[in-house]
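Report on the following structure.
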């Protein structure tokens, strides 16, 4: 699946784009846009990819995605999926006002953030507001978000004119892994039509991680999804996600999650 630029269309007298999605599934759509995005997941679970980082998600959660950062959600399991989405540009004249300088600086950080504490009530009030009240509701909601505890997520991979080749490389890696490609360095290098050493250098330069670290992150996130389903035992899951040594699987999983695989499955 290729990385796509998603155009955001605004109606007359509109500077904020708001969406309410209720769907049986959120399919993987690897995209970017020039708007900052705030997504609140209120129902469902699955995998969230921002930049080169892949993590499991589960409602409720609120995520702030910087402008020009590739991202996508992909739901998993049965049940309804619901999300509230707010998008707007940070280069709009509104943000030049002195009173909004601190808020603007907070929003301009180039790494995504996630919180479990955001108020759905305030988000719905924004989404349902009339045009004359919308900016006031937006500022109320953003002021609320500034006061919450946030965890950084994603990576600093930003799509720029000079960086589309790099983003395409990451997209090809993503596509291979999403389609069930073998999580090993030789298999991935073969898929990318390059040497293992070239692939290692590329990933380190553009993600800040070694290739082994990147693959282990993917393995652990995939293992977490399988553990939650409770359909497979820990030993089988370890081999399923590409760990050939069960002890190594336990060490990597505990380093990422603070729990052993069995503790995670039973929690």
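A short reminder: the numbers here are calculations on the coordinates, not readings from a lab. Nothing here was measured: the structure is a model prediction, and the numbers come from that model. Ideal geometry is used to build each Cβ from the backbone, glycine not excepted, and the neighbour counts take in all protein chains shown.
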*Most exposed first by the Cβ proxy, i.e. fewest other Cβ within 10 Å, how do 227, 90, 142 rank?*
90, 142, 227
_Fully extended contour minus Cα-Cα distance, from residue 250 to residue 109, at 0.36 nm per residue_ = 47.3 nm
*Name the residue, out of 223, 92, 189, whose mean-square fluctuation peaks in a Gaussian network model built on the chain with Cα pairs under 10 Å.*
92
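Can you show me the helix-derived [θ] at 222 nm for the chain, built from DSSP H runs with n ≥ 4 at -39,500 (n - 2.57) apiece and divided by the number of residues, rounded to the nearest 500.
Only helices count here, giving -12500 deg cm²/dmol.
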*asked:* Can you tell me which of 15, 67, 52 moves the most in a GNM of the chain? Springs connect C-alpha atoms under 10 Å apart.
replied: 15
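Report the antiparallel proportion of the DSSP beta bridges in the chain as a percent, rounded to a multiple of 5.
DSSP beta bridges in the chain are roughly 95 percent antiparallel.
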*Set the Förster radius R0 to 35 Å, insert the Cβ-Cβ distance between residue 147 and residue 210 as r into 1/(1 + (r/R0)^6), and round the FRET efficiency to 0.05.*
0.45
*Tell me, what does the Kirkwood hydrodynamic radius of segment 4-152 come to in angstroms if you use every pair of distinct C-alpha atoms?*
15.8 Å
*Normalised by the residues of the chain, what does the relative contact order come to in percent, with Cα pairs under 8 Å and at least six apart?*
17 percent
_Computed over segment 4-152: relative contact order in percent, which uses C-alpha pairs under 8 Å that are six or more apart_ = 25 percent
*Using Cα pairs closer than 8 Å and at least 6 residues apart in sequence, work out the relative contact order for segment 180-266, in percent.*
22 percent
*Taking Cα atoms, how many degrees apart are the long axis of helix 196-207 and the longest axis of the chain, rounded to 10 and kept between 0 and 90?*
30 degrees
*So how do 132, 153, 39, 212 line up by other beta-carbon neighbours within 10 Å, fewest first?*
132, 212, 153, 39
*With springs only between Cα atoms under 10 Å, which of 34, 51, 11 fluctuates most in a Gaussian network model of the chain?*
11
*What's the FRET efficiency of residue 25 with residue 102 using the Cβ-Cβ distance as r and R₀ = 25 Å, to the nearest 0.05?*
0.05
*How many percent of DSSP beta bridges within segment 4-152 run antiparallel, rounded to 5?*
95 percent
_Cα long-axis angle, helix 131-146 against the chain (0 to 90 degrees, to the nearest 10)_ = 50 degrees
*asked:* If I take all pairs of Cα atoms in the chain, what percentage of them are more than 32 Å from each other?
replied: 27 percent
